[in-house]
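Taken together, the values in this text are just the output of simple stated rules run on the coordinates, not laboratory data. Remember, predicted model here, so these are calculated numbers, not experimental data. Here Cβ is always computed from backbone atoms with ideal geometry, including for glycine, and neighbour counts include all displayed protein chains.
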Amino acid sequence: MDLHFVRRGTGRPLLLVHGIGGSWRSWNTIIDGLAAERDVIAVDLPGHGETPQLAGLNSIGTFADALTAFLTQHDLLGIDAVGSSMGARLVLELARRGGVLGAVVSLDPGGFWQGWQIPVFYHSVAVSVKLVKALQPVMPALAGSAVGRTVLLPQFSARPWAVDSQLARDEMYSFAHSPAFDELLDQLAHGQVQRPAPEGSIPGPLVIGWGRQDRVCLPSQSKLALAKFPDARLYWFEHCGHFPQWDQPAEATRLILAVTSRQPFTDESIARAKPEEAAPALPKAAVVGAALALLAGGSWLLASRQKRGR
């Protein structure tokens, strides 16, 4: 199958692969900065954005096959690639397979949780998505306010109130309308574990970036990721949650361009100055009040929908 995509810029081709429930718009914070130096191709994965769902199983393996077919169809084998969350695991899997990608940047990859982390990941995200679906009638207003974003996005961002309001609206809409979401979430949590890539098997540059405050893929999971991908270099984003392109967009852009330029760089040169720290916190009473109202409203909407469905 073909994948919907947008293409911007000129230069060395660069593939952007979003995470579960997202779309190509998940990269809106950095796509223009990358397109200033690269020919950027941002895809909608199957069952996301404007790409239809796969006819069969939705999993890391089938999505990797679909991406490989897309790159083959468009004569893009060997392209440099950046992935986020589930997309970060996808680009790692394609790097492991060999012959598909060039330089790879994997931002907070999913799939390296173990033990108690698995049910925590699965149930916390499942509950969050149910709430997002229930709140769709009021989601534009919620995502458009700093207090609303603080309540909606703390699992995904270290600075949720500072997330771009239009990006938040787009993500919340995409999360709620992806027909592949539930199956993919189950596959990520309970499906096939990521196979390792032996040391020396990945010839191109490979960097795994991780947010210090990631509450979806905990920073401790980076140890297993490096154990399975010993050719990778680890880069830490300070004051950053699950999406570096949201919390530290300029730094994420510098890292991606540095890796795909294949020139030596230091972590200090990517971070440059002191990373942007959290903006002044919103009043606690406002956040707590909004959270309670949000949960109450979401619970009421869920109960109403279930009652109507009977």
Under a plain spin-label model, where a point goes 7 Å from the Cα along Cα-to-Cβ, how far apart in nm are H177 and R97?
2.9 nm
Provide the gained length on full extension for the span A141 to R233, in nm with one decimal, where the gain is 0.36 nm per separating residue minus the Cα-Cα distance.
29.1 nm
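With a/c under 1.5 counting as rounded, go ahead and sort the stretch 5-271 into rounded, prolate or oblate using the C-alpha gyration tensor (a ≥ b ≥ c being the square roots of the eigenvalues; past the cut-off, prolate if a/b is larger than b/c, else oblate). List each step's numbers first, then the result.
Numbers: a/c = 1.32, a/b = 1.25, b/c = 1.06.
Note, shape of the stretch 5-271 comes out rounded.
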Can you list the DSSP H helices in the chain whose Cα atoms extend at least 27 Å along the helix axis and whose mean Kyte-Doolittle hydropathy is 0.0 or higher?
284-309
Net charge near D44 (other residues with Cβ under 13 Å of its Cβ; Lys, Arg +1; Asp, Glu -1) is -1
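Once the other residues with Cβ under 15 Å from the Cβ of T10 are scored (Lys, Arg +1; Asp, Glu -1), what is the net sum?
Values: positive: R7, R8, R12, R38; negative: D32, E37, D39, D80.
Overall, the nearby charge balance is 0.
Using the number of other C-beta atoms within 10 angstrom as an exposure proxy, rank V129, V216 with the fewest first. List each step's numbers first, then the result.
Values: V129 19, V216 22.
Ranked by crowding around the Cβ, least crowded first: V129, V216.
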Under the 7 Å Cα-to-Cβ spin-label approximation, A69 and R262 lie apart by a distance in nanometres of 3.0 nm
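Let's test the formula: R0 of 35 Å, r as the Cβ-Cβ distance of E50 and R195. What FRET efficiency results, to the nearest 0.05? Intermediate results must be reported in sequence, preceding the final value.
Working: r = 31 Å, r/R0 = 0.88.
Approximately 0.70, to the nearest 0.05.
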Peptide ranges 88-99, 46-57 listed from the most packed, as the mean C-beta count within 10 angstrom indicates:
88-99, 46-57
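Report the net charge of residues surrounding N28, where surrounding means a beta-carbon distance below 12 angstrom and charges are Lys +1, Arg +1, Asp -1, Glu -1. Present the calculation step by step, with values, prior to reporting the outcome.
Numbers: positive: R8, R25, R169; negative: D32, D164, D170, E171.
With Lys, Arg at +1 and Asp, Glu at -1, the neighbours total -1.
Taking 0.36 nm per intervening residue step and subtracting the Cα-Cα distance, what contour gain separates T10 from K223 on full extension? Mind showing how you got there, number by number?
Values: separation 213, 0.36 × 213 = 76.68 nm, distance 3.60 nm.
Contour length minus the Cα-Cα distance gives 73.1 nm.
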As a test of the formula, what do you get for the chain when each DSSP H run with n ≥ 4 contributes -39,500 (n - 2.57) and the sum is divided by the residue count, at 222 nm and rounded to the nearest 500 deg cm²/dmol?
-13500 deg cm²/dmol
